[in-house]
Amino acid sequence: MADQTTVQTEEKNWIDQPEEEQRQKPRRRFIIIGVAAVVVVVALLWWWHSTYYEDTDDAQVSGHLIQISARIAGHVTKVNVDENQYVDAGTVIAELDPTDFETAIQQDEANLAAAEASYEAAKVNIPVIHISTGSTLSSANADVSSAQAQVVQAQQQLQAAEAAVAQADANNKKAQADLQRYTPLVQRDVISKQQYDAAVATANANQAALDQAKANLAAAQAAVRMARDKVTSAQASYKNALTGPQQVAIQKAKADQAAAQVEQARAALEQAKLNLSYTKIIAPTAGIITKKSVEVGQNVSVGQNMATLVSLDDIWITANFKETQLAHMRPGQPVTISVDAYGGHKYDGKVTQIGGATGSVLSLFPPENATGNYVKVVQRIPVRIDLTDRNQNSDHLLRPGMSVIPKVKVK
């Protein structure tokens, strides 16, 4: 009964309220409901974004900074670029005086020609020595055979001379014996004077024949010694001729040495030509010239830095994500990149690498946490992000060092 009275009282008050207030109440309800809906939507979007995306404002564009230096020492005659000038790959940045290097090429060309001539001469001598040593070997072998035959012949003649001596000695002994027997007989006139004289003449003739046979024996013995000496000499010549293959090998080695000298001279010539080409300092890739320190008239040394070339074609994003953001981050995940310099201009990329250590560990002086004052700090790990299409930066708007905001879709 009391509830019914309350309802009736409210209806009475509603009827008694001004008409404008009756219209404002439904509006307030709609506003409250709308605000609540917006809050819910924002909360849902934040939850969805934090769950499916990870982003950071600690990120910047990275690229290659190429130090342009001289590969040879020389005197600068031309400088063809200015500070902050864009150059294409192959553009001549500076030129060195080429006079000394042109002279070196001429000298190396002459050395190469001399080495090639020496090689040709050594190469031609190989067949000549091969034929000559072959002929010498054949001749020496024939000389050995001939000398050995002469030894045999001389030995036979020696044997004949020895036999002749023996025969002459026997005849002489008989003749001398006959003479000794005839001498007393002639004294007693048993035999005639003529017979005695004939015995004397025969004894003298046999003695002369014995002397001649002995002389022939000595000559035959000398001939045997000479024939044996010829054999020794012919054998020595034959042994020397046997070294023919070694002589050919030596000549081949000389030819190989000459060929190596040719290659050495050719390499020196190529190096001289390279040094001449190094007198033109060229840009290895397209980019912007910065920190130019080379001037005309300057003497530069090997490795001296002349300028810095900032490459604009090969760039990437280095994003330092908190370690708590890496739980679901993997290489290959898509990334949307906003560039601060261009009002949030968007680029498409992908995660390619996740750093192997935190930035603090990679710093020059890593922190020491061995003391008792350790305070846990969320660390950051560098993540490399590459553009999915390099043509996105064909206008070269992205420059190393620019601040960007990458948003990685992790789910």
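General observations
- Scoring Ala122 on the criteria (1) surrounded by 13 or more Cβ atoms within 10 Å (Cβ to Cβ); (2) modelled with pLDDT of 90 or more leaves a single failure, condition (2).
- Ala357 being over 24 Å from Asp340 (Cβ atoms), assigned to a loop (DSSP other than H, G, I, E, B) and at pLDDT 85 or above: yes
- For segment 53-108, filtering for residues that are part of a loop (DSSP other than H, G, I, E, B), hydrophobic (A, V, I, L, M, F, W, C), touching a Gly at 6+ places or on another chain (Cβ under 9 Å) and crowded, with 17+ Cβ neighbours inside 10 Å leaves 1.
Table: residues versus (1) closer than 30 Å to Ala73 by Cβ; (2) touching a Ser or Thr at 6+ places or on another chain (Cβ under 6 Å); (3) without any contact (Cβ under 8 Å) to a residue 12 or more places away in the chain; (4) among the hydrophobic types (A, V, I, L, M, F, W, C).
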position	(1), (2), (3), (4)
Thr285	yes, yes, no, no
Ser311	yes, yes, no, no
Ala319	no, yes, no, yes
Pro382	no, yes, no, no
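- Long-range neighbours under 6 Å by Cβ, at least six apart or interchain, first residue modelled with pLDDT of 70 or more within segment 241-269, second outside any helix (DSSP H, G or I) and surrounded by fewer than 13 Cβ atoms within 10 Å (Cβ to Cβ): none
- When residues of segment 336-346 are limited to those that are touching a residue at least 12 places away in the same chain (Cβ under 8 Å), part of a strand (DSSP E or B) and within 19 Å of His396 (Cβ to Cβ), the one farthest from the chain's Cα centre (by Cα): His345
- Residue within segment 285-294 that is within 30 Å of Lys376 (Cβ to Cβ) and either among the acidic types (Asp, Glu) or surrounded by 17 or more Cβ atoms within 10 Å (Cβ to Cβ) (or both) present: no
- Selected residue (only one of Ala253, Ala268, Ala319 is among the aliphatic types (A, V, I, L, M), surrounded by 16 or more Cβ atoms within 10 Å (Cβ to Cβ) and part of a helix (DSSP H, G or I)): Ala268
- The lone exception for Gly349 - which of (1) at pLDDT below 90; (2) over 37 Å from the mean Cα position of the chain (by Cα) it fails: (1)
The values are calculated or read from the model by the stated rules, or taken from the named source; none is laboratory data. Everything quoted here is computed from the prediction, not taken from an experiment. All Cβ positions, even for glycine, are placed from backbone atoms using ideal geometry, and neighbour counts span all protein chains on display.
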